[in-house]
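Written out below as structure tokens is the structure these notes cover.
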Amino acid sequence: MVGIYKNITTNSDDVVTTLIPIGANSGNIKTITIANNDTDPAINIDVYIEDAGANKYYYISNVNIPSGVSLVLNDDISFNSRVYALKILTNQAVDNTAPNISVIVK
């Protein structure tokens, strides 16, 4: 699989970004790296797969990533992309500023 690279910055709370849509034939992933690029606050995220019926299955939920820290998910994270989409939910940082994260999926 070719890598997916996304920078996510938003001024809203509870913003969902689709990293791999249903039907993309890209579910054979090995690693998701999420970096908090903010200089001060921690950010809060969820990473999950979701089917067409909006059923969610979480890899991680309500996780705070401190400033300057990267989180790597690499344990049994592949999924059937014909059935599920890979999504990340970002919340405003602790100080209510826009989160600034980078996500790499390989």
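Please treat every number below as a calculation from the coordinates, not as lab data. Quick caveat, the model's predicted, so the values are computed rather than measured. All Cβ positions, even for glycine, are placed from backbone atoms using ideal geometry, and neighbour counts span all protein chains on display.
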ask   = Under 18 Å from the 7 Å Cα→Cβ point of V83, by amide nitrogen: which residues of the stretch 36-72?
value = 48-59
task = Quote the relative contact order of the chain in percent (integer), defining contacts as alpha-carbon pairs under 8 Å separated by 6+ residues.
result = 48
inquiry  = Quick check for you: which residues of the stretch 55-88 have the amide N under 19 Å from the point 7 Å beyond the Cα of S12 toward its beta carbon?
reply    = 86-88
Estimated dipole of the stretch 4-105 in Debye, rounded to 20 [Cβ of Lys and Arg +1, of Asp and Glu -1, Cα centre] = 400
key: Label selected from (1) 13.2, 39; (2) 14.3, 47; (3) 13.9, 44, the criterion being Rg and Dmax of the Cα atoms in Å as computed here   = (1)
key: Potential lengthening between I4 and D40 on full extension [0.36 nm per residue; Cα-Cα distance subtracted]   = 10.3 nm
remark   = In a Gaussian network model of the chain with springs linking alpha carbons closer than 10 Å, the residue among N44, N28, N64 that fluctuates most is N28
